[in-house]
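Everything below concerns the one structure shown next.
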Amino acid sequence: MLLSAGGYAAWRVLYRPNVTAFPEGPAYLYIRTGTGYAAVLDSLRKHQLLQEPGTFRWVAEYRDYPAHVRAGRYRLDPTMGNNDLVRMLLAGHQDTVRFELKPFHYLDRLPRQVSRQLETDSFKLSLLLNNNAGLRAHFGLDTCTVRTLFVPGHYRLLWNTSAPAFLDTMAAAHGRFWTAPRRARADSLGLTSVQVSVLASIVQRETAQPTDKPLIAAVYLNRLRNGQPLQADPTLLWPLHGLGTRKRVLNADKKVDSPYNTYRHKGLPPGPITSPLPGSLNAVLKPAHNRNLFFCARPDGSGFSDFAETYAQHKRNARRYQHRLDSLGIRK
């Protein structure tokens, strides 16, 4: 038996702190899915996470850890002895990752964003995101609308979250956002939750100013009620992969052959042009009350917009803005 080796020797091997103390804070041991005991030992050695790797190995093998390696991200506290460390690894008591889901414009950007923070297989996630049959069966969405499933923000996730588990987690967060009052608000506007997300994505690309979002949402909702085309410039740039790279919309862009061209097609586009933030979604659900049908960015570069009820007013606002772009030499 282990304890028969003697009091101090047994205590030293089992309980004396064996994790390296780093000045920048606790260390983490990452164990990838499918890797075994040898990879764990190699990682511990390579990153110098233990003071005495040999005693850890003795305890790990005594407790049959090599046959029960579990993937994950484990926080190694400097007070840990071999006994507590092996017990934690055997139980799979891993630490979570503070995962940040940032807005993304195009679906192929999401797997890359996720795999930079989690072990999640980006290829498998991409396959799931592009499987129309699977998306409809599990979430009632398709490849155009699946971006409405994701509510940007901060989450606590396991580092080794699988691709299906990641989507299920995002779906659960989506469900928590879409409370009964929010769904009732969408219904009062004559919109589904998906349509709210699509419109919110346009509002978000139009402005980063929180106070302007309800005003811009009101313009587009007024246009929808009147049966007018939205004529939203960001929807022209989306199929051209110009979001985030173009500062000016040209007349030639208005001729792009795409269902996202809201100059040529009335109503909402088939899907969002970015993943809308909660603030953008709430702006659509609680829009301003006015009769404005037009808006244009202010020429002062503040990020705010000038609003108008008539086309004549809008033309004056637009002319000032275009002159400002010309003066800055911005052609596209």
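The values are calculated or read from the model by the stated rules, or taken from the named source; none is laboratory data. Owing to the predicted nature of the structure, the values given are computational and were not obtained by experimental measurement. Every residue, glycine as well, gets a Cβ built from its backbone with ideal geometry; the counts of neighbours run over all protein chains shown. Only protein heavy atoms, including side chains, enter the accessible area calculation; ligands, DNA and RNA are left aside. Shrake-Rupley method; radii C 1.70, N 1.55, O 1.52, S 1.80 Å.
Quick notes on this one:
- Note on the stretch 269-304: residues that are in contact with a His (Cβ under 7 Å, 6 or more places away or on another chain) and open to solvent by less than 10 Å² (accessible area, probe 1.4 Å) total 2.
- Elements of type helices (runs of 4 or more DSSP H) contained in the stretch 139-226, each with 3 or more residues being under 24 Å from H265 (Cβ atoms) and at pLDDT below 95: none
- Taking every residue in the stretch 309-332 that is closer than 26 Å to N290 by Cβ and pairing it with any residue that is open to solvent by 80 Å² or more (accessible area, probe 1.4 Å) and modelled with pLDDT of 85 or more, at least 6 positions away or on another chain, the pairs with Cβ-Cβ distances below 9 Å are E309/R291; N317/R298; R320/R298; Y321/R298; R324/R298; R324/D300.
- Pick from the stretch 112-123, criterion without any contact (Cβ under 8 Å) to a residue 40 or more places away in the chain and not polar (S, T, N, Q), ranking: farthest from R32 (Cα to Cα): R112
- When the stretch 96-115 is filtered for residues that are over 17 Å from S126 (Cα atoms) and modelled with pLDDT under 95, nothing remains.
- Taking the criterion of being open to solvent by less than 10 Å² (accessible area, probe 1.4 Å), in a loop (DSSP other than H, G, I, E, B) and out of contact with any Asp or Glu (no Cβ under 9 Å at 6 or more places or on another chain), the only residue of the stretch 227-243 that qualifies is L230.
- Residues of the stretch 23-42 satisfying the condition of being surrounded by fewer than 16 Cβ atoms within 10 Å (Cβ to Cβ) and free of Cβ contacts under 8 Å to residues at least 40 places away in the same chain: P23, E24, G25, G34, T35, G36, A38, A39, D42
- Subset of the stretch 179-198 [open to solvent by less than 10 Å² (accessible area, probe 1.4 Å) and either among the basic types (K, R) or closer than 28 Å to R156 by Cα (or both)]: V196, S197, V198
- Residues that are under 30 Å from L199 (Cβ atoms), of a type in the set (A, V, I, L, M, F, W, C) and touching a Phe, Trp or Tyr at 6+ places or on another chain (Cβ under 9 Å) number at least 2 in the following helices (runs of 4 or more DSSP H) confined to the stretch 39-119: 109-115.
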